[in-house]
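To start, the structure itself, in structure tokens.
The values are calculated or read from the model by the stated rules, or taken from the named source; none is laboratory data. Just so you know, these numbers come straight off a predicted model, no measurement behind them. As a convention, Cβ positions derive from the backbone with ideal geometry for all residues, glycine included, and neighbour counts pool all protein chains shown.
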Amino acid sequence: MRLHLAPRRLLGRLCLGLGMLFTSATLTFLALHVMPGDPVTIILGGATANPTPEAVAAVTHEYALDRPVWVQYGVYLGRLLHGDLGVSFSQHLRVAEVLRAQMGPTLALAGSALLFAWILALLSVLCTTRRGPVISRLGASLEVSAAAIPQFWLGILLLWVFAFRLRLLPPAGSATLDTLILPTLSLAIPLGGFLAQVTRESLEVALDQPFMLSARMRGLGAGAAMRRHALRHAILPGLNLSAWALGALLGNAAVVETIFSRKGLGRELVYAISGQDMPLTVGIVLFVTLAYVIGSILLEMLYELVDPRLAAARPEAAR
């Protein structure tokens, strides 16, 4: 029975992902369509390009801009369904080429930020939970403070302290590993504070469960019982939120990449929207949505790996 339900859940996730991709593509089309400005002028090089009437007519016909909006939408979806993301208006490169060139730095930044956020969260929770009232309150206060810090403000502060004042780290770029440290911290510290709050609350509940008393009666110390048993239950809510966190990191990368002058899809998205570059905007939005869908599927697999009872319980609930 279970062997049939696991693919069913995967199919459900994939259908949900396709729905999200369709919704993202539609909303992006509508948002860019209502923005002020002439897309034909943008495609042909801007207001100073002085294109010929023949060039204007050719571009208008190619992109169906002389036809009703619903026809333009149909042409737009047809190209997407055939895997044709089009050519960037501003860069005059195929959108797929821009994505290949820019996705690596963004995925590295989001992945390292999520990993480091979990490291900070677990260190804070394990080192301060049930360590006495003063230490516990101090740890909880630091987590709340970290979660409340705006990521763009933290990025500017880290840039000023470690790059300009202490000159320990490079202020910009994405070519070397050390250029990843400050952007990662800018995203990871607030997220780590949030994950730590969720994990701390779950850990407090888990520590009072009967299985902890059973573990202590078998001879496990308090620290070992916390790490081996309570922590496994405590991190489940945080793992459940990690898919959302990954999507938020990919979105917030736009601000951080701009502050630190990094290559990446976030900064390209800012330029694409400001320049009404619809193909590039759509391509980046769909890529981020796809990354979120894949990440959520992988995190669900990790969720069940941490607590295999969940995989067994879901089929029972589905009957």
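How about segment 149-174: which of its residues are outside any loop (DSSP other than H, G, I, E, B), within 30 Å of L231 (Cβ to Cβ) and free of Cβ contacts under 8 Å to residues at least 60 places away in the same chain? Working first, answer last.
The first filter runs over segment 149-174 and keeps only residues outside any loop (DSSP other than H, G, I, E, B), leaving 151-165.
Keeping just the survivors that are within 30 Å of L231 (Cβ to Cβ) gives 151, 154, 158.
Of everything in segment 149-174, those that are outside any loop (DSSP other than H, G, I, E, B), within 30 Å of L231 (Cβ to Cβ) and free of Cβ contacts under 8 Å to residues at least 60 places away in the same chain turn out to be L154, L158.
Within segment 71-87, which residues are under 15 Å from L21 (Cβ atoms), in a loop (DSSP other than H, G, I, E, B) and touching a residue at least 60 places away in the same chain (Cβ under 8 Å)?
L85
If you go through segment 118-154, how many residues are under 20 Å from P183 (Cβ atoms) and surrounded by 14 or more Cβ atoms within 10 Å (Cβ to Cβ)?
Residues flagged as under 20 Å from P183 (Cβ atoms) and surrounded by 14 or more Cβ atoms within 10 Å (Cβ to Cβ) within segment 118-154 amount to 9.
Six or more apart or on different chains, Cβ under 8 Å: which pairs go from a residue in segment 175-197 that's within 23 Å of A101 (Cα to Cα) to one that's modelled with pLDDT under 95 and charged (D, E, K, R)? Could you list them?
Here the result reads T179/R262; P183/E257; P183/R262, each pair linking segment 175-197 to a residue that is modelled with pLDDT under 95 and charged (D, E, K, R).
Can you give me the ranges of the helices (runs of 4 or more DSSP H) entirely in segment 1-70 with at least 2 residues that are modelled with pLDDT under 70 and over 15 Å from F89 (Cα atoms)?
2-34
Would you mind finding the one in V256, V288 that is at pLDDT 80 or above, among the hydrophobic types (A, V, I, L, M, F, W, C) and touching a Lys or Arg at 6+ places or on another chain (Cβ under 8 Å)?
On inspection, the qualifying residue turns out to be V256.
From V293, V270, V256, which residue is in a helix (DSSP H, G or I), assigned by TED's automatic domain parsing to the domain that holds P171 and without any contact (Cβ under 8 Å) to a residue 40 or more places away in the chain?
It is V270.
Which numbered condition trips up G266, out of (1) small (G, A, S); (2) at pLDDT below 85; (3) within 16 Å of the chain's Cα centre (by Cα)?
(2)
What single numbered condition from (1) surrounded by 14 or more Cβ atoms within 10 Å (Cβ to Cβ); (2) among the hydrophobic types (A, V, I, L, M, F, W, C); (3) at pLDDT below 85 fails to hold for L305?
Exception for L305: condition (1).
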